[in-house]
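Asks: My questions all concern the structure below.
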Amino acid sequence: MTKGIAKAMSNDNVTGRTDKTQSVELGLLEWNSADRAGVFRATEYSAVGLERRSDRCSPPLFQSRRFWVPFAAAAMVAFGVGTAMFTLQLRSLRPKAGGEVLARSSSASNAPGFAECLNGPGVAASPECVKFDFDSDRDVDLIDYGYDQRVKLAAGN
Amino acid sequence: MSEKPRIRSDPSATPKVTGPTDQELVLRLASGDEAALRLLMDRYDRLVRFAVFRMARSECRRDPQWLDSRATGIWQGFIQSMKRAGNTVPNSLKTYLLQVSRNHVISALRRKTPPWDQGEGPKATTEPDLIEATDCNPSVIVEELDSLSTLRDCISGLNEGDQALLARLEEIVNRRWVEAAGSLGMKESTLRSRWKRLLDDLRACVEGKTGG
C-alpha cells in the first residue's frame with residue numbers, strides 16, 4: 001500500500017466506515033480535491049515557452065535599461081559634438097577686425113593686400129599697391145575699395 | 001479467494017522515463033532549445049502542480065486559476081535560472097524544481113498577505129497557508145504524488161458505472177449512508193454493496209501496482 005493512503009488510514013472519519021474503506025475513501029477525496037484544483041491538467045506550454053516568455057514578460061523597450069543606457073550615452077555624445085560644432089561655427093562667424101576682412105580680399109598671399117595698401121585719399125600708393133588704385137588718382141582709398149567690391153560682385157565672388 | 005481483478009490495467013498510464021537525461025535536457029534548455037523544455041515539462045509538470053496544490057491547498061480551492069498561474073510562474077523562473085546558470089546543472093532536477101516551487105508559492109502567499117500582516121513579526125508566521133507551504137517535505141510530496149497517480153490509474157480502469165458513482169464521491173463519503181442513498185436515488189443496501197465493491201477493487205488495484 002502506498003504511504004499516502006496508509007497515512008490516511010490513521011485519520012478519523014465521521015462517516016462511521018471501517019478503517020479499510022476509510023483509507024481508500026480518504027485517498028479518493030485527496031484525488032478528487034487535487035483533480036478539481038487542476039493538478040492533473042497540464043501547464044499551458046505556450047504560456048511558458050522560451051520565445052513567448054521573452055516577448056510577453058520583458059517590459060516595453062522604452063521602459064528597460066537596455067534602451068535607456070545606450071540612449072543616454074548616445075544623447076550625451078551627440079550633445080557634446082553638437083556643442084563643439086556650434087562653438088566652432090560661432091567662432092567662424094564672429095566679426096573679424098576690418099583689416100583682417102579686407103586682407104582676405106587679397107588674392108596673393110605674400111603680396112600686400114588691399115588693407116595694407118588702404119592708406120586713404122591723398123597718400124601716394126606704393127608700386128606694390130598701384131594695382132588697387134582703380135580710379136587712377138594715385139592713392140588707395142575707400143573709393144577704390146567700393147570699386148573693388150563692385151568688380152567682385154559682378155564677377156560673382 | 002482468487003477473484004478476478006475487475007480493473008483493466010493500463011500499461012500507458014505510468015510511462016517510463018526514456019530518452020535524454022535531465023542533465024542533457026537542462027543543458028539544451030540553457031541554450032534555448034524549445035523541445036528540451038517540452039520534454040522537461042512532460043516529465044515534471046505534474047510534480048510541480050501537485051507541489052503547488054500540496055503547499056497551498058486552500059488557495060487552490062479558493063481560486064481555480066491560482067494553480068495554473070503559479071505553475072506557469074515556476075516554469076518561467078526555472079527557465080530563467082537555468083539560463084543564468086549556464087552549464088551548471090542541478091544534481092537532482094526533481095528536488096530543484098520542488099525547491100523553486102516552494103519558494104515561488106511562499107512568495108505568492110506573502111504577496112497575498114495584507115500589508116499589516118507582513119514583516120518579520122509573529123503575525124506573518126501564523127498564516128496557515130504559509131505554514132503549510134514552509135513545512136512541506138519534498139520527499140513526502142513525491143511519495144504522495146506517486147500514491148495519487150497510482151490511484152488515478154486505477155480509477156481510469158474502472159467501468160463507467162463505477163466512475164459515475166465516483167463522480168458523486170463527496171455526496172457519498174461526507175454523509176451517512178441513508179442520506180447518501182437518498183440523494184443518489186438508490187437503496188441504502190445497494191449503495192453500500194456497490195461502494196464496498198468499488199473500494200475493494202481500487203484497493204486491490206493499488207496494492208497490485210505498488211506491491212503492498
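The values are calculated or read from the model by the stated rules, or taken from the named source; none is laboratory data. From a predicted model like this one, the values you see are computed outputs, not experimental measurements. Backbone-built Cβ (ideal geometry, glycine too); neighbour counts: all protein chains shown.
Asks: Which of the helices (runs of 4 or more DSSP H) contained wholly in segment B:19-114 include at least 2 residues that are of a type in the set (Ser, Thr, Tyr)?
Replies: Numbers: elements: B:22-30, B:34-55, B:57-62, B:66-85, B:93-112.
The helices (runs of 4 or more DSSP H) meeting that bar are B:66-85, B:93-112.
Asks: Could you list all residues from segment B:167-179 that are part of a helix (DSSP H, G or I) and within 14 Å of A:Leu29 (Cβ to Cβ)? Can you show your working first?
Replies: Step one: of segment B:167-179, the residues part of a helix (DSSP H, G or I) are B:167, B:169-173, B:177-179.
Correct list: B:Ala167, B:Leu169, B:Glu170, B:Glu171, B:Ile172, B:Val173.
Asks: Taking segment B:147-161 only, how many residues are farther than 17 Å from A:Ser33 by Cβ and either facing chain A (nearest Cβ under 9 Å) or assigned to a loop (DSSP other than H, G, I, E, B) (or both)?
Replies: Final tally of qualifying residues: 3.
Asks: Exactly one condition in (1) surrounded by 23 or more Cβ atoms within 10 Å (Cβ to Cβ); (2) at the interface with chain A (Cβ under 10 Å from one of its Cβ atoms) is false for B:Met55; which is it?
Replies: (2)
For (1) assigned to a helix (DSSP H, G or I); (2) hydrophobic (A, V, I, L, M, F, W, C); (3) at pLDDT 85 or above, each residue gets a yes or a no:
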residue	(1), (2), (3)
A:Gly4	yes, no, no
A:Asn11	no, no, no
A:Gly16	no, no, no
A:Ser23	yes, no, no
A:Leu29	yes, yes, yes
A:Asp35	yes, no, yes
A:Arg41	no, no, yes
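Asks: Going by what's in this entry, would B:Ala164 be described as more than 13 Å from chain A (Cβ to nearest Cβ) and in a helix (DSSP H, G or I)?
Replies: Working: more than 13 Å from chain A (Cβ to nearest Cβ): yes; in a helix (DSSP H, G or I): yes.
So B:Ala164 passes the test.
Asks: I would also like to ask the following. (1) crowded, with 17+ Cβ neighbours inside 10 Å; (2) touching a helix residue (DSSP H, G or I) at 6+ places or on another chain (Cβ under 6 Å): which one isn't true of B:Lys83, the others all being true?
Replies: Of (1) crowded, with 17+ Cβ neighbours inside 10 Å; (2) touching a helix residue (DSSP H, G or I) at 6+ places or on another chain (Cβ under 6 Å), only one is false for B:Lys83: (1).
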